[in-house]
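The values are calculated or read from the model by the stated rules, or taken from the named source; none is laboratory data. All of these numbers come straight from a predicted model, not from anything done at the bench. Cβ placement follows ideal geometry from the backbone for every residue including glycine, while neighbour counts extend to all protein chains displayed. With ligands, DNA and RNA removed, areas are computed over all heavy atoms of the protein, side chains included. Shrake-Rupley method; radii C 1.70, N 1.55, O 1.52, S 1.80 Å.
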Amino acid sequence: MNSSDDPEISISELGLMVVDDDEDILFTVQSLFKKSSFPVYSAHSGQECLKILDQGFKGVILMDIMMPEMDGWQTIQEIVNRNQMQDLIISMFTAKDVPDISLDHLKEYVFDYITKPFEPEKLIALVDDYLALFN
Amino acid sequence: MNILIIGSSTGGPRVIFELFRDIQPAPVAIIIVQHMPESTTQRFAKRLSQLCSMNIVIPKGDEDLMHGSIYVAPGDKHLVLKNNETIILESSEKVNFVRPSIDVTMMSLTRDPRHSYYGIILSGMGQDGAQGLSHLKILGGQVFVQDPNTCIIKSMPESAMHLTKVDQVLSPEEIKKFIRSIGKN
């Protein structure tokens, strides 16, 4: 499993990053995509997500919303502030079924909204579709 | 000319890709206003071009609308129609927190006997497109929303329905059939 604990590396391949403070979710998604041809990175927090981005991550991010210290929206705002949206497609990945309308100013950065629990086949198909955007 | 404007936000792209999968060139000029940053525009347009044989255009400004083309409003610019047929890009203030704004595009149209207008609002957060759809209806256009029950995020279609008596509430499959029917009668 790739995580922000890996030594400083330059990430050159397109991949998937899951950002969630729930270890079970990270494990489930990693397992789901273990036979994929692309690398899958796990971040337990917004801060870890930013660290992985600083290593050069490009690709699809599944972003949980409810995380302590820095929630998913705050993480996206930080990514925007750092001008790191260039090579990313972000989907919220959350048990919250209705987004907070006060976050309208960030909606253009959120391509999709996937609710948990999710259907594994649908998640795989969606991630494949989003990675196809980089072809 | 038949002019269709599709407004879309979070959750909309997956619907759009299905709507246009395998579509043949049709007698309609389609404008897609998808809330997205500039960095995503090229990818979005390229994906569309992989899925269908219509001419996909990311306008730079001054293009005249043509049947058989899909115009993808570029991120971080408002797409405005001059004389109801020429694309102008503007960097004015965000509207409804977004640029491009669906309202800005739709509300740039005026009554014009040369053209038939159609507007569709898909899944998304917020209210962008509600006023625009109302405006199209007043101009005599046909207006639709994606059935909120099929939406990832309902607020855009629901906001539109709150403001306007839409002509139909359609599932993605029904929207797909409708688009293919434009100009065929």
| remark: For the stretch B:21-44, the count of residues that are open to solvent by 10 Å² or more (accessible area, probe 1.4 Å), within 14 Å of chain A (Cβ to nearest Cβ) and in contact (Cβ under 8 Å) with a residue 12 or more places away in the chain equals 5
| request: Would you check if residue B:66 is surrounded by fewer than 18 Cβ atoms within 10 Å (Cβ to Cβ), of a type in the set (A, V, I, L, M, F, W, C) and modelled with pLDDT of 95 or more? | output: yes
| Condition check for residue A:25: farther than 18 Å from residue B:39 by Cα and within 14 Å of another protein chain (Cβ to nearest Cβ) | no
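Return the only residue of A:104, A:24, A:54, A:87 being under 22 Å from residue B:11 (Cβ atoms) and either of a type in the set (Lys, Arg) or open to solvent by 30 Å² or more (accessible area, probe 1.4 Å) (or both).
Details: A:104 fails: either of a type in the set (Lys, Arg) or open to solvent by 30 Å² or more (accessible area, probe 1.4 Å) (or both); A:24 fails: under 22 Å from residue B:11 (Cβ atoms); A:54 fails: under 22 Å from residue B:11 (Cβ atoms).
Selected residue: A:87, the only one of A:104, A:24, A:54, A:87 that is under 22 Å from residue B:11 (Cβ atoms) and either of a type in the set (Lys, Arg) or open to solvent by 30 Å² or more (accessible area, probe 1.4 Å) (or both).
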| query | Considering A:80, A:60, A:40, which residue is of a type in the set (Val, Ile, Thr) and more than 11 Å from the chain's Cα centre (by Cα)? | reply | A:80
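Take residues that are at pLDDT 95 or above and not assigned by TED's automatic domain parsing to the domain that holds residue B:36 and tell me which of the helices (runs of 4 or more DSSP H) falling wholly in the stretch B:89-185 contain 3 or more.
Working: elements: B:102-107, B:130-138, B:155-163, B:172-181.
In the stretch B:89-185, B:130-138, B:155-163, B:172-181 are the helices (runs of 4 or more DSSP H) which contain 3 or more residues that are at pLDDT 95 or above and not assigned by TED's automatic domain parsing to the domain that holds residue B:36.
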